[in-house]
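Derivation of every value follows stated rules applied to the coordinates shown; laboratory data play no part. Bear in mind that the values here come from a model prediction, so they are computed numbers and not experimental data. Because the Cβ atoms are built from the backbone with ideal geometry, glycine has one as well, and the counts that use them run over all protein chains shown.
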Amino acid sequence: MKKRLIAFLLALTLLYSTLPIVHATESGEEADHIKWVDFDVSYSALIATLDYDIKTYDTDIHLNWIELLAVLGARYGGSFSKYKRSHLDDLAKRLLAGESLEDITQDMNYYDYYLEAYSAILGEFVGQHRAEVPDPENPEQRIWEDRYGLKVYSPIAEGFSYGHFDDFGAGRNYGYRRRHLGHDLFGSVGTPIVAIESGTVQVVGWNQYGGWRIGIRSFDGLRYYYYAHLRQNRPYHPDIVEGQVVKAGDVIGYMGRTGYSRKENVNGIRETHLHWGLQLIFHPEQEEGPKEIWVDVYAITRLLARNQSETYRVAETKEFYRTYDFDEPNLFGRVDQ
């Protein structure tokens, strides 16, 4: 009886979380948007689907990793504790044999929901881009290399150590009791922090909870990256100002332990770390307030570790800069919100 009750409550929770909010647009028409996302995709599923995507790129049948994840998400009800590699391999085999995604998902009620939700989180993580690399014939020179794959970076620069664990949802007491809606990476003061995704700097300044922090909005407007507890006195890279466009992999600031203080520039945090969070914004009403959507990025952080930005330090200014440049289609394009 208890197991049946739990199953019913889980099904009810899934239904509730996938029902969109109906909102009137300026034209008077009704528009649906997702009101909640519980991101539970495992690291192993992220890696496996990404590898399928990259290996089949530029072939007759390209397997999109987000579509693969959405099928699995619909199959598992969003709970990737049920994930098995054999499920993914069977799905890939069917698609590579010519079976259509439409046929496979026709009886999956929530496939469209998971596709939209996972696309909002991961949609710009993979694609064509150009990376600057050493010239094999003359290592002192650099050349541009066309690539397909991850075009997002770890928030920690290459060569700097850090520790972390899945702390999303843990309790916090400063100011008021609340859930931890981000991910903490523990390291040393001054560790260069880099932009995960290209976007526009939306917020720079002090917040009593996050200390010195930076907020960067993706070009499509769906993702807001929050970097907090930056270094005391010199938290930001000097190039960072509100409204600036940054490239994925650019140095934006330095790790510290500021915050937990109404007074600016105070080290109120006990342990040096970067708090980074990922907020999804499907509608302006979700930008601030009780309707905000923050997702667990522990597995994503592990994925991003596969692509770290190499940096160098300028002795005179003590500032760090990326070593190799980066470019992607429509890098400096913006989407009006």
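Which net charge results when you count Lys and Arg as +1 and Asp and Glu as -1 among the other residues whose beta-carbon is under 10 Å from that of Arg223? In short, -2.
Placing a pseudo-label 7 Å from each Cα along the Cα-to-Cβ vector at Asp146 and Glu310 gives an inter-label distance of 2.3 nm.
Could you work out the relative contact order of the chain, using alpha carbon pairs under 8 angstrom and six or more residues apart, expressed as a whole percent? Before the final figure, lay out the partial values.
Working: 676 pairs, mean separation 54.4, N = 337.
Answer for the chain is 16 percent.
Only helical runs count toward this figure. For the chain, summing -39,500 (n - 2.57) over DSSP H runs of n ≥ 4 and dividing by all residues gives -7000 deg cm²/dmol at 222 nm. For the stretch 120-168, the relative contact order is 34 percent, taking Cα pairs closer than 8 Å that sit 6 or more residues apart in sequence and dividing their mean separation by the residue count. Peptide packing: for 241-248, 110-117, the average count of neighbouring Cβ atoms within 10 Å per residue gives the ranking 110-117, 241-248, highest mean first.
Only one residue of Tyr148, Ala45, Leu96 has its Cα farthest out toward the positive end of the dipole of the chain, where Lys and Arg carry +1 and Asp and Glu -1 on Cβ, and that residue is Ala45.
Which whole number in µm²/s is D for the chain by Stokes-Einstein, with the Kirkwood Rh taken over Cα pairs at 20 °C and 1.002 mPa s?
Working: Rh = 21.5 Å.
Rounded to a whole number, D works out at 100 µm²/s.
Pairs spanning more than 31 Å between alpha-carbon atoms, out of Lys263/Lys318; Lys151/Lys291; Lys84/Lys247; Lys35/Lys247; Lys151/Lys318: Lys84/Lys247.
Remark: the stretch 81-90, residue by residue, has Karplus-estimated 3J(HN,Hα) of 5, 8, 5, 10, 4, 4, 5, 5, 4, 5 Hz, where x stands for each Gly or Pro and the curve is 6.51 cos²θ - 1.76 cosθ + 1.60 at θ = phi - 60°.
Any idea what the relative contact order of the stretch 29-97 is, in percent, if you count C-alpha pairs under 8 Å spaced at least 6 apart? Let's see the in-between values first.
Details: 50 pairs, mean separation 22.7, N = 69.
With pairs under 8 Å counted, the relative contact order is 33 percent.
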